[in-house]
Amino acid sequence: MEAIFQKIINFDQNLLAIIALVVFYTLEEVLNTTFEFKNRPRHLLNSALLQLGYVMVNFGLAFVMVACFQWIDQHHVGLFNIIEIPYPLKLVIGLVCFDFTFYWAHRLYHLSSFFWRLHRVHHSDNSLDSTSALRFHPFDALLDSAMSIVAAAIFGLDISVVLFYFVLYIPLLFAQHSNFIFPVWTDKVLGKIFASPNFHKVHHHKDQQFTDSNYGNLFIVWDKLYGTFKYLPVKDIKYGLEEFDGPEQQRLFFLLKSPFLNFKKTNEGGGINDKG
Ligand SMILES: [Zn+2]
Ligand SMILES: [Zn+2]
């Protein structure tokens, strides 16, 4: 059993992301998709360059992450450093705890106007496809790394739990952003527990009351538990944010500088007020 878990943990995550991107991008080219792209190569390039920046920031943070995980382990900080459970069980429960932390972190990214400045780059995409899974502001890596350390400190998770989590999450992440409607059974069967692709697309709807829903990365159960789950047929979803609607606002340079720009929020619903 442990050998299987070790194989999953050791799987090269960059390779996994490339495989997922190639598979879903190719499917989008050959299958009927929900909308036609005006300039797909530009869209791909923007997402890829943003991700390159994200990876570089992550790379720069690697030594901080390693030091924090070592400190947590050496000082027996967190729940699973206090109670003894078998390693495979620790991995599975750790996975649930990690996703739980990221559900609340994601809510915080939407609630705080400071964090939203970075996170809105992901939501600004008005033509969602598999490459949108790469579209995060480089400084978003700072938030994600900080939240990983918070999760590790609360629950006493080691780095293997984080690796295990991302091996499972990466293929789902690309599926969630793919430019086609997944069959209803994926919502009815997988969607009982997991954040199905159709559910995550609702999170990218322009209307703020839907943007502020379906926060779960891997599991949708948190949204159902805390009342943030919303459903809308994919054909009725309008992607993006109104303040990023123009072609100028979709350019790479604009996206990079957008966290430092003040926008008047134009979305409807009960979202936050960006006072910046
Ligand atoms: Zn979000
Ligand atoms: Zn997304």
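Here, each number is a calculation from the coordinates, and none is a lab measurement. Note that the coordinates shown come from a computational prediction; the quantities given were computed from them, not determined experimentally. Every residue, glycine among them, receives a Cβ derived from its backbone with ideal geometry; neighbour counts consider all protein chains shown.
Descriptive notes on the structure:
- Among MET1, MET147, the ranking by other beta carbons within 10 Å of each residue's beta carbon, starting with the fewest, stands as MET1, MET147.
- With neighbour counts taken as other beta-carbon atoms within 10 Å, the residues SER213, SER178 rank, fewest first, as SER213, SER178.
- Farthest towards the positive end of the charge dipole of the chain, among the residues ILE237, SER178, PHE98, is the Cα of ILE237, using unit charges on the Cβ of Lys, Arg, Asp and Glu.
- Neighbour counts of C-beta atoms inside 10 Å place ILE220, ILE8, ILE72, ILE154 in the sequence ILE8, ILE154, ILE72, ILE220, starting with the fewest.
- Entry note, the chain: the mean residue ellipticity at 222 nm calculated from DSSP H runs of n ≥ 4, each adding -39500 (n - 2.57), is -18500 deg cm²/dmol after division by the residues and rounding to the nearest 500.
- Around the Cα centre of the chain, unit charges on the Cβ atoms of Lys, Arg, Asp and Glu (plus for the first two, minus for the last two) sum to a dipole of about 420 debye.
- Cα-based shape type of the chain, given that a ≥ b ≥ c are square roots of the gyration tensor eigenvalues and the cut on a/c is 1.5: prolate
- The distance linking region 8-33 with region 57-100 is 27 Å (Cα centroid to Cα centroid, whole angstrom).
- Unsatisfied cross-links (Cα-Cα over 23 Å) in the set LYS201/LYS257; LYS7/LYS90; LYS206/LYS257: LYS201/LYS257
- Only aspartates and glutamates eight or more places from LYS238 in sequence, or on another chain, were considered; those with a Cα closer than 12 Å are ASP125, ASP207.
- Helices that extend 20 Å or more along their long axis by alpha-carbon positions and average at least 0.5 on the Kyte-Doolittle scale are, among the DSSP H runs of the chain, 13-30, 40-74, 87-111, 140-155, 159-177.
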